[in-house]
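The values are calculated or read from the model by the stated rules, or taken from the named source; none is laboratory data. Source: prediction; values computed, not measured. Cβ atoms come from the backbone with ideal geometry, glycine included; neighbour counts cover every protein chain shown. Remember, those area values only see protein heavy atoms, side chains included, never the ligands or the DNA or RNA. Shrake-Rupley method; radii C 1.70, N 1.55, O 1.52, S 1.80 Å.
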Amino acid sequence: MSKLARDDEEQLIARSQRGDVNAFNQLVLQYQQIMYGTVFRLLGDYDTAADVTQEAFFSAFRAIQSYRGGSSFRAWLLRIGSNLACDHWRRVQRRPAESLEVLTAEEEPHAPSVLSALTMSGPEGNPEEMLLAQELQDVIQQELQHLPLDQRTAIILCDVEGLSYEEVAQATETSLGTVRSRISRGRARLRNALQAHQELLPRNYRLSSSNNE
Amino acid sequence: MSQHDWHLTTEQLSAYLDRQLSEEEQKEYKIHLDACEQCRQTLLELRQTVTLLHALPQPRLPRSFVLPVDTVVTPLPQEEHIEGQLSNPQEPQKTLEQQAQPAGRMAQGVEGETEGQPVPPLLLAEARARREQTRGRRTGRTVMRLMSGLVAVLGIFLLITALNFPNAATSMSTSAGGASVASAPAPNAQSRAATRNSAAQVADGTSAATPSIKPAATQPEQEATNDVAGTPSAFAANNPTPAPVTPTPRVIQPFQAQGNQATAPPAPPVILFFDLSQPAGRAGLGILLLIAGSMGLRLFRRRPSLTD
């Protein structure tokens with residue numbers, strides 16, 4: 001689906017604010033992938049992510065009048081989604097029996113057809129073309145779930161979903177400084193955690209053993 | 001090779017990677033990086049980590065998340081933290097929560113939250129809190145914040161009255177025979193009355209309210225005052241020596257004052273063991289409330305982000 005032009009989006013938001021569900025659904029179609037993706041990466045479970053995503057869109061529609069133009073609508077939506085996901089995570093944390101773990105490869109309904117071997121374009125290659133093996137994806141997801149919730153949210157929004165620092169700040173309702181700090185700490189932790197799984201990493205990605213922070 | 005005795009922090013390198021720095025800083029860091037192998041290595045590792053994260057694919061959508069066409073919701077004004085309550089028609093927001101919104105927009109960046117912290121048992125606030133609890137955690141937090149603010153303000157108010165009107169709740173003025181009420185701290189008033197009533201000189205204004213006097217010297221006098229409701233003349237009769245006399249007027253005054261107080265307007269209430277007739281008691285309660293209120297305000301901050 002092609003990206004909505006800015007004024008189209010503004011129109012849709014305005015109509016949604018007047019109660020037009022069809023207009024809001026246009027926005028849902030536009031943003032559901034990134035919402036689902038964010039929520040999934042936060043929680044690690046496909047079904048739960050689907051429930052929370054649906055809930056998030058309902059909440060967003062109910063609260064649409066509180067959206068002020070001028071800030072990123074995407075960040076506004078993801079604020080709602082990530083808040084709900086974090087709430088869910090915290091609730092689940094109190095009931096250890098239901099802790100969410102990354103599903104094994106067989107249960108994933110989506111598994112993109114990736115090669116078991118890694119594909120990497122040349123040394124100056126375009127990172128976007130890189131495909132990760134399923135095992136590596138699982139490990140990254142697992143390690144993401146070991147991050148403290150605030151660092152996890154910041155990393156997912158910025159590094160996984162591509163939001164700007166400004167948008168991350170809006171979505172998490174914190175300052176740029178806080179965003180910066182959380183992102184850097186999350187990255188450092190992730191880097192350290194991934195060192196334990198070096199064999200899965202692309203060959204020239206083997207992290208050195210230096211541990212300077 | 002890196003001859004540097006300082007290195008860029010992970011946070012700095014991370015910001016450098018994302019171009020979050022000023023032009024100057026960006027240039028500065030680049031210069032350091034060109035000369036420092038260690039930092040280059042760290043930067044490389046950071047970059048690799050970010051690339052890995054970038055490369056995570058979007059999970060495939062299991063279905064469409066569009067809302068049913070007949071969805072009708074009562075639109076809510078400003079919600080800072082939205083709970084998932086599907087298809088329950090929400091009652092219109094009370095002004096209570098709307099007033100709490102600006103208070104909620106406080107300094108951000110505070111992490112950590114806990115729920116269900118105990119609050120000083122103010123009856124009014126408790127009743128309101130119980131009513132509001134049923135509407136969900138979000139509104140509960142808002143109410144807690146409001147209550148904490150009220151508690152803190154009450155604490156400040158008590159403190160101010162304690163500092164400015166130490167005798168406000170008492171009838172010291174009548175017993176002390178016209179000692180000024182407004183600005184004089186209680187001990188001074190009592191000592192002034194003492195000097196008027198007896199020839200003994202009471203120089204220091206140390207806490208005459210509490211009979212913290214050399215026990216040996218005043219024991220007999222104290223017993224005497226306990227029996228007698230205490231006019232200074234009765235006192236003087238019991239105290240032959242001038243030396244022990246000096247403390248005694250200080251001892252007698254509070255008792256005398258309190259005796260007069262019994263006939264005066266009803267004593268102020270005693271809350272949580274703090275006697276509101278005493279400025280120390282008001283100040284103590286005021287400080288307690290202020291601390292409780294501040295704690296409540298911090299605990300119920302809006303942004304609930306937990307660090308594990």
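Hey, could you check the range A:5-45 for residues that are open to solvent by less than 10 Å² (accessible area, probe 1.4 Å) and small (Gly, Ala, Ser) and say which is nearest to the other protein chains (Cβ to nearest Cβ)? The residue in question is A:Gly37.
Do we have any residue at all in the range B:20-40 that's of a type outside the set (Ser, Thr, Tyr), assigned to a loop (DSSP other than H, G, I, E, B) and closer than 16 Å to A:Gly186 by Cα? Please lay out each step first, then the result.
Initial filter on the range B:20-40 (of a type outside the set (Ser, Thr, Tyr)): B:20-21, B:23-28, B:30-40.
Next, only the ones that are assigned to a loop (DSSP other than H, G, I, E, B) stay: B:20-21, B:36.
Adding the requirement that they be closer than 16 Å to A:Gly186 by Cα leaves none.
No: the range B:20-40 contains no residue that is of a type outside the set (Ser, Thr, Tyr), assigned to a loop (DSSP other than H, G, I, E, B) and closer than 16 Å to A:Gly186 by Cα.
Looking for whichever is at pLDDT below 95 and either over 24 Å from A:Leu147 (Cα atoms) or assigned to a helix (DSSP H, G or I) (or both) here; the options are A:Arg41, A:Arg79, A:Arg74, A:Arg90. Which one fits?
Numbers: A:Arg41 fails: at pLDDT below 95; A:Arg79 fails: at pLDDT below 95; A:Arg74 fails: at pLDDT below 95.
On inspection, the qualifying residue turns out to be A:Arg90.
Note on the range A:46-66: among residues that are within 23 Å of B:Leu56 (Cα to Cα) and of a type in the set (Val, Ile, Thr), the one that is most open to solvent (accessible area, probe 1.4 Å) is A:Thr48. The residue pairs whose first member lies in the range B:11-27 and is touching a residue at least 24 places away in the same chain (Cβ under 8 Å), whose second member is surrounded by fewer than 17 Cβ atoms within 10 Å (Cβ to Cβ) and of a type outside the set (Val, Ile, Thr), and whose beta carbons are closer than 7 Å, counting only pairs six or more residues apart or on different chains, are B:Tyr16/B:Gln26; B:Leu17/B:Arg47. Just one of (1) modelled with pLDDT under 95; (2) crowded, with 18+ Cβ neighbours inside 10 Å fails for A:Gly69. It is (2). Scan the range B:142-154 residue by residue and report those that are open to solvent by less than 20 Å² (accessible area, probe 1.4 Å) and either more than 10 Å from B:Ser294 (Cα to Cα) or over 17 Å from the mean Cα position of the chain (by Cα) (or both). Once the filter is applied, which keeps residues that are open to solvent by less than 20 Å² (accessible area, probe 1.4 Å) and either more than 10 Å from B:Ser294 (Cα to Cα) or over 17 Å from the mean Cα position of the chain (by Cα) (or both), the range B:142-154 yields B:Thr142, B:Val143, B:Met147.
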